[in-house]
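Peer 1: Mind looking over this structure? Questions follow.
The values are calculated or read from the model by the stated rules, or taken from the named source; none is laboratory data. Everything numeric in this text was worked out from a predicted model, so none of it was measured. In this analysis, Cβ positions are derived from the backbone assuming ideal geometry, glycine residues included, and neighbour counts consider all displayed protein chains. Note: accessible area is taken over every heavy atom of the protein model, side chains too, but ligands, DNA and RNA are not part of it. Shrake-Rupley method; radii C 1.70, N 1.55, O 1.52, S 1.80 Å.
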Amino acid sequence: MQFLEMMLKAIQQIGSAIPEWIVLLVSSSGSVTTVLRWVMPVLAFFILLQTARSMLVWKKEPEIWAYIDLPNGARLPISHWENTIGRSPSSDIVLNYPTVSRSHAVLVRADDGSWTITDVGSKGGIVVNKRPVEGKSPVYPGDIISLAGVEIALLPIEVEQEQQEDDESSLRKPGKPGRVLFLVTLFQLLTAMQLCTFASEENKTTIIMAFAGLAAFMWLYFIFMRALQRTGFEVETIAFFLTTLGFSVVASAAPGELGKMFFVTIMAVLIFVLLGWFLRDLERAKKARWFMGGAALMLLAANLLLGKIVYGAQNWIYIGAFSFQPSELVKIAFIYAGTATLDRLLAKRNLTMFILFSGACIGTLALLGDFGTASIFFVAFVVIAFMRSGDLATISLICAGTGFAGMLAVRFKPYIAKRFSAWGHVWAYASTTGYQQTRTLMYAASGGLLGLGAGNGLLKHISAADTDLVFGILCEEWGLIVAIIAVCSLVCLAIFTVRCASVGRSSFYVIAACASMSMLLFQTALNVFGSIDFLPLTGVTFPFVSNGGSSMLASWGLLAFVKAADTRKNASFAIKRPKEEIQ
């Protein structure tokens, strides 16, 4: 708290020291706005291009943690912390012998470098160094593992090979983050200049202070990570770029809330860092699953008992002048509680507890009338359930049951159907239930490709424009090009997550990253398509861009799971550096 107070005082001093000629310069209209309307889309495009190139061009070269000596004399590299062993062709270690079960065992590496093997219900059993294994047993380099009479050996990697891999990894570093960060800083400063062109005199200093503070905090974070010898900054670059657009929306629609958004952004990045640090230790992370699940249920219960109805949904809790949406924070806990390691998944092979937990969360959100958020949770549930079980039949049955429950809700709760009555023909309800979307369509179209200029739109005067209809503000003030770039930024993150998942260390990180990204992407789709009447208007936010402290905290928190899945050497602070791996 003292650090935050110092930051705010420093920004206030900077704001008070801003020469009057700078304020007058950024306030000049006319030619400045015309030039910036062309410059900003180009700058945004290069930010995305440079970031995407660094994120998506890198080779998916797996890490080598040990070797398995097979009966035929072949030596198989172990590239994951969790490996299935069995006769099935889909196993990580395939033993094509009739005595071996299709899914026989799971070989798991811990953070400290130790290995364990778990019997997952095989018929022939496991013997380690002539000792029968019941359940789980430690395995050491050089041990002979017999699976139904088929012998394999666990071999460590040589020190020379480990050094060679570290040297090769230095050639696969992420791109130059400082260059892209400079472009983001330039984008932030030009955004503040453009906003001041249309802002009132009393808001100009506030806007300059907020954007200068955001840029300064971004560089402080970058310097801190470089001090930790971390080189990957693409995930954060996209988040800071989208957050800049979010500051622009707030400065245009509600400039008095810029101070709050700046404070919340600092808190959100701190949550991002702390959660990423906590995920560094897989054993520590696994122990917190039950706590996170309980915290999620407690938050939803508090929302059910204390929540206030806003725009038809009981999803806000007010404590004095402070308000927040518990469902946004529950997203982080929901993802965390739904993850699991491979040995646990194959040993139990059931989803009963997770289905009950998900049903309680989604059912509570439905009772609260927050159907948009409920649908986001359901999509995340489907992703987690499929990745945990791989059973399409079970997932299809769950989806069918959920669809039937939705039909019953519409049948016996007519007010639910009324909320979506204008979907698909909003112009017929232009003065009633379709008022927001028709205005969004008109004002968004008026922005064209380049926009009218940040702060120069009219949609901001419509109710919930800076939250539910934020895509329309982007189209009107920034133009269709920047609005599409904002969406493509999240799509780029999703592709990066899938690539990371293919070489992920543990299913814990892979499931969490994929489920988090599915939440962010589906939420974006609901916001974008809902505002232009492709989908019902559900009242969910655009991640990082919409005005809202709870949404900002949740967006950065979910991003921590994506960061933890980045296994490039020295790229992620959520992954220990090679020297830290050596015990």
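Peer 1: Please state, as a whole number in µm²/s, the translational diffusion coefficient that the Stokes-Einstein equation yields for segment 241-338 at 10 °C and 1.306 mPa s, with Rh defined as the Kirkwood radius across alpha carbon pairs. Before the final figure, lay out each step's value.
Peer 2: Values: Rh = 15.6 Å.
The estimated diffusion coefficient comes to 102 µm²/s.
Peer 1: I would also like to ask the following. Order F262, F198, F378, F534, most accessible first, counting only protein heavy atoms with a 1.4 angstrom probe. Show your work: numbers first, answer last.
Peer 2: Numbers: F262 10, F198 75, F378 45, F534 135 Å².
The ranking, largest first, comes out as F534, F198, F378, F262.
Peer 1: Please find the FRET efficiency linking C488 to K287, where r is the Cβ-Cβ separation and R0 is fixed at 45 Å, and quote it to the nearest 0.05. If you can, show how the numbers build up before the last one.
Peer 2: Numbers: r = 38 Å, r/R0 = 0.84.
The calculated FRET efficiency here is 0.75.
Peer 1: Then there's this: In nanometres, what is the gap between the two model label sites at R226 and H425, each 7 Å from Cα along Cα-to-Cβ?
Peer 2: Once both label points are built, they end up 6.0 nm from each other.
Peer 1: How are the Cα pair distances of segment 258-310 distributed, in percent, across 5 Å bins from 0?
Peer 2: Final binned percentages: 4, 15, 13, 15, 21, 18, 9, 3, 0.
Peer 1: When a/c reaches 1.5 or more, the comparison of a/b and b/c decides; with that in mind, is segment 63-147 rounded, prolate or oblate per its Cα gyration tensor?
Peer 2: rounded
Peer 1: Determine the share of segment 499-555's accessible area contributed by carbon and sulfur atoms, expressed in whole percent, with a 1.4 angstrom probe.
Peer 2: Working: 840 of 1100 Å².
Whole-percent figure for carbon plus sulfur exposure: 76.
Peer 1: Which of the peptides 440-448, 109-117, 67-75 is most tightly packed, and how do the rest follow, going by the mean number of other Cβ atoms within 10 Å of each residue?
Peer 2: Numbers: 440-448: 19.4, 109-117: 16.2, 67-75: 12.9.
Output ranking for 440-448, 109-117, 67-75: 440-448, 109-117, 67-75.
Peer 1: Starting from the residue with the highest accessible area, list E202, E328, E134 in decreasing order, probe 1.4 Å. Can you show the working numbers first?
Peer 2: Values: E202 145, E328 10, E134 170 Å².
Ranked from most to least accessible, the order is E134, E202, E328.
Peer 1: Right, next: Quick check on my link table: of K204/K260; K59/K176; K286/K331; K308/K460; K123/K286, which ones sit more than 19 Å apart, alpha carbon to alpha carbon? Don't skip to the answer; put the middle values down first.
Peer 2: Values: K204/K260 16 Å; K59/K176 17 Å; K286/K331 17 Å; K308/K460 24 Å; K123/K286 29 Å.
Violating the 19 Å Cα-Cα cut-off are K308/K460; K123/K286.
Peer 1: To continue, here is another question. Can you give the Rg to Rh ratio of segment 470-583, both from alpha-carbon atoms, with Rh computed by the Kirkwood formula? Let's see the in-between values first.
Peer 2: On the way: Rg = 16.3 Å, Rh = 15.4 Å.
Value, to two decimals: 1.06.
Peer 1: Additional query: Can you tell me the length gained on complete extension of the stretch M442 to Y97, counting 0.36 nm per residue apart and subtracting the Cα distance? All intermediate terms of the calculation are to be shown ahead of the outcome.
Peer 2: Values: separation 345, 0.36 × 345 = 124.20 nm, distance 6.69 nm.
Fully extending the segment from M442 to Y97 adds 117.5 nm.
Peer 1: For a label point 7 angstrom out from the Cα of L155 toward its Cβ, which stretches of segment 40-76 have the backbone nitrogen within less than 14 Å?
Peer 2: Residues passing the 14 Å test: 65-76.
Peer 1: Expressed in nm², what is the orientationally averaged projection area of the convex hull enclosing the Cα positions of segment 200-291?
Peer 2: Values: hull surface 29.3 nm².
For segment 200-291, the mean projected area of the Cα convex hull comes to 7.3 nm².
Peer 1: Using only the Cα atoms of segment 224-269, what semi-axes does the equivalent ellipsoid have when each is the square root of 5 times a gyration tensor eigenvalue? Give whole Å, largest first.
Peer 2: Values: eigenvalues 133, 29, 7 Å².
The equivalent ellipsoid of segment 224-269 has semi-axes of 26, 12, 6 Å.
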